[in-house]
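Remarks on the structure that follows.
Computed from the coordinates by the stated procedures, all read-outs in this text should not be read as laboratory data. A quick note: this is a predicted structure, and the numbers were derived from the prediction, not measured. Every residue, glycine as well, gets a Cβ built from its backbone with ideal geometry; the counts of neighbours run over all protein chains shown.
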Amino acid sequence: MYGLGVLKGFGVTLKNFARKPFTVQYPEERSVQHSRFRGQEFVWYEDRCTGCASCAKYCPLGIIRIVTDPDGGHEQEGGDYKVEVFDIDQGRCMYCGLCVEACPYDALHMGSTFEGAQARREDLVITMEVLKERPKHPSTWFRPQLERQEVDPFGGEPVESGDAGREAYRWHPKRPGDAPGGAEK
Amino acid sequence: MTTEAQHDTVDMMLNMGPQHPATHGVFRMVLTIDGERVIDVTPHIGYLHRGSEKLCEHESYGQVVTLFDRLDYVANLNNELAFCRAAERLMDIEVPERAQYIRVALCELNRLASHLLFLGTYAIDLGAMTPIMYGFRERERIQNLFESVTGARMMHNYIRIGGVKEDVPPDFVPRARAVLKDVRKGVDEIDRLLTFNEVFLARTKGVGVIDAATAVSCGLTGPSLRASGVAYDVRKDDPYEIYPYLGFEVPVGHDGDCWDRYYVRLLECHQSIHMVTQCLDQMEPGPTMTQRRRIARPPKGEVYVHCENPRGDIGVFVVSDGTDKPYRVKVRPPSFCNLVALRPMMRGAYIADAVAILGSIDIVLGEVDR
């Protein structure tokens, strides 16, 4: 019979008509996201960063700008460089996460938000001051230790710098505020 | 009294695109028409050219993967796999088995997502609004799954040279099974809605016919070629990764018309679901990455590797000069090569069918223009 296929199609639409909608009303409701989601707002732990600039070197676009002072006052103790500028130009960032993977000290993490629209291009550059002040909600992308701790970047507690690392924090043994495990070396 | 003027007749040219909503991106066709019939078509491409191949020469091997995400932005993981396989062959790297299973499972899921998008957009091209809603709904489930594994919904950057970046989360297998169950239902819904719908049949049956010999000589690959009756599938004919261990069939069409190209993709959806299920069953715990240096320096040489993309046979040619950056990367993009078949398909068709024919080859302009 001609038209049977059309009728069959109407059956499908009718069935879906009675279904619960799959979409969510975005600003009011939000769908559940996984903690691995690589979002905006990088999380940077100042005390973990040594200024090695691995992230800047591994960024495919070269959007991370780091200026360090080798005479940061730690050179005698085998310590780190003093980071003077740490800018991430999010206007060109593609959120590939390679900078996070390159970081040997787990100082840089991906963020988890996605609502970073700005009216001006310059405002998309996040500076060291902004990074320092931000609440630390790191994404668990390429951070299995955070995944093991079941960190929830969407509304959970901020992660302290001692908990963010792969192992006990002991790269700068002479620094104050060492996490346990640092004293042995 | 009039002088006798010379009246040369010229065929009418009709410009379609680059902003036409039915051209799947910025693609322009110049149709030469005679009445209602298309007698010739000239595709104009390049509106989305970003110079990806040249950009690859300035990035180290690990970074090139991010650029390959952006070629075919509907089937990102399949592209990543193509480049990573090329680099792995260049460096002679053996990939752990678990990584291969994860790769194939995700690639087949991505093929599924890509075909679901095709089923929806093709229906839109023909004037049916409903299937895109169902197609997108099911694709959304797959993308949520991708987000939990790779950290991103589209630009994954997950498949790496020597394996995959991270192991899948512990709840991946049950989640994937639930997604597959839903997607199977969704594919069946689209099947019931479209396949034997009389209006759909009238728009696609016998439209844009291309016979097997012409298709092969045009370099057509993928589902569009298989619709013409040629059972060429890289996964079967030149197996890679763990495809030899998976049981699957290659759906083949008969007439090579638009309906066959649609139906082959619909059947491929079922095959992909079948393959992912097998991957989930066979997956064993183990390492997911080869131990190697982060900055890879392959020896001098060149390599050509091809894989089966949702759109066809993607080939990657990499020349290495011994440094950490490739000397030259050339991509054989399936969409670009499939566009060659546009002219033989469209000659003699009605103007109204031009969109139906273009939609049936399922091009992605990001890959055509690179």
- Task: Taking a cut-off of 12 Å between Cα atoms, list the aspartates and glutamates near B:Lys205, but don't count ones fewer than 8 places away on the same chain.
- Result: B:Asp255, B:Asp257, B:Asp260, B:Asp353
- Taking the Cα centre of each part, how many Å lie between the stretch B:242-311 and the stretch B:103-143? 17
- Note on the structure: Nearest 10, in degrees from 0 to 90: the angle of helix B:351-361 to the longest Cα principal axis of chain B is 10
- Task: With a/c under 1.5 counting as rounded, go ahead and sort the stretch B:311-359 into rounded, prolate or oblate using the C-alpha gyration tensor (a ≥ b ≥ c being the square roots of the eigenvalues; past the cut-off, prolate if a/b is larger than b/c, else oblate).
- Result: prolate
- List the trypsin sites (Lys or Arg not before Pro) in the stretch B:84-169 that DSSP assigns to loop (not H, G, I, E or B) and whose Cβ has at most 13 other Cβ atoms within 10 Å. Which are they? none
- For the protein assembly as shown, divide the Cα radius of gyration by the Kirkwood radius and give the resulting Rg/Rh value with two decimals. 1.02
- Item | Rg to Rh quotient for the stretch B:4-78, alpha carbon positions, Kirkwood Rh | 1.25
- Task: Kindly express, to the nearest 10 degrees and within the range 0 to 90, the angle between helix B:76-91's C-alpha long axis and the longest C-alpha principal axis of chain B.
- Result: 60
- Message: Placing one identical point scatterer on every Cα of the stretch B:134-220 and ignoring solvent, what is log10 I(q)/I(0) from the Debye formula at q = 0.12, 0.15, 0.22 Å⁻¹?
- Response: -0.65, -0.81, -0.99
- If the cut-off is 16 Å between C-alpha atoms, which aspartates and glutamates fall inside it for B:Lys325, apart from same-chain ones fewer than 8 positions away? B:Glu53, B:Glu57, B:Glu59, B:Glu88, B:Glu302
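Among the listed pairs B:Lys185/B:Lys330; B:Lys236/B:Lys330; A:Lys82/A:Lys136; A:Lys15/B:Lys165, which are separated by more than 31 Å between their Cα atoms?
B:Lys185/B:Lys330; A:Lys15/B:Lys165
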- Task: Find the eigenvalues of the gyration tensor of the Cα atoms of the stretch A:1-63, then list the square roots of 5 times those eigenvalues as equivalent ellipsoid semi-axes, largest first, in whole angstrom.
- Result: 52, 17, 8
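Summing -39500 (n - 2.57) over the DSSP H runs of n ≥ 4 in chain B and dividing by its residue number, what mean residue ellipticity at 222 nm do you reach, to the nearest 500 deg cm²/dmol?
That comes out to -14000 deg cm²/dmol.
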- Item | Coordinate range along principal axes, alpha carbons of chain B, Å, largest first | 90, 48, 33
